[in-house]
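**Q** Okay, here's the structure, questions in a sec.
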Amino acid sequence: MNNPSKVPVTILTGFLGSGKTTLLNRILSEEHGKRIAVIENEYGEVGIDQALVINADEEIFEMSNGFICCTVRGDLIRVLGNLMKRRDKFDYILLETTGLADPGPVAQTFFMDDEIASEFSLDGIVTLVDAH
């Protein structure tokens, strides 16, 4: 049972070209009334639709639809800590991994680090597959 005071986190994963960023951009552009922070765990270029970005400073930026986004170029734990400073602006986190990443170590972050485990609850891992 999830602790309601913890921030729920869903990891979005899949191989390169499977549609992760397409799904993420769809979620970001929908009018669903949810306040979602997005963590982009990418190598290099950010996959988020740049037309939605209004304020990009450092690794965390705000978007025109009220979402908070950030990129992980360093340590996920540090990024999560920085996001918690803006806890009043979101209710949920979507974490998109790169197509090159194994989601296992990312998921373990939410169980192995006591401080992270006390603030966040991993509620699922969604894997996209491009099938013909």
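**Q** Mind listing the long-range amide H neighbours of GLY14? Cut-off is under 5 Å, sequence gap 5 or more, other chains count too, H placed in the peptide plane at 1.01 Å from N.
**A** Counting only residues 5 or more places away or on other chains, the set is LEU128.
**Q** Same structure again: To the nearest 10 square angstrom, how much accessible area does ARG26 have with a 1.4 angstrom probe?
**A** Accessible area of ARG26: about 140 Å².
**Q** Enumerate the lysines that LYS89 could reach by cross-link, defined here as Cα to Cα under 16 Å, with residues fewer than 8 away along the same chain left out.
**A** Cross-link targets: LYS6, LYS34.
**Q** If you don't mind, there's one more thing I want to ask. Read phi for every residue in the range 120-132 and hand back ³J(HN,Hα) as whole Hz from Karplus 6.51 cos²θ - 1.76 cosθ + 1.60, θ = phi - 60°, with x for Gly and Pro.
**A** 10, 10, 6, 9, x, 10, 9, 10, 8, 10, 8, 10, 9
**Q** Next question, about the same structure. Rank these by accessible area, largest first, 1.4 Å probe: MET84, MET112.
**A** On the way: MET84 45, MET112 145 Å².
Of MET84, MET112, the descending order of accessible area is MET112, MET84.
**Q** Sequence-distant or interchain residues sharing an amide H contact under 5 Å with PHE120, placed H: which?
**A** Residues meeting the criterion, in which the H sits 1.01 Å from N, are VAL7.
**Q** Then there is this: Residues with amide H under 5 Å of TYR92's amide H, sequence separation 5 or more or different chain, H placed in the peptide plane at 1.01 Å from N; which?
**A** Amide H neighbours of TYR92, under 5 Å, 5+ apart: ALA37.
The values are calculated or read from the model by the stated rules, or taken from the named source; none is laboratory data. Not measured: the values here are computed from a predicted model. Calculation scope for accessible area: heavy atoms of the full protein, side chains included, ligands and nucleic acids excluded. Shrake-Rupley method; radii C 1.70, N 1.55, O 1.52, S 1.80 Å.
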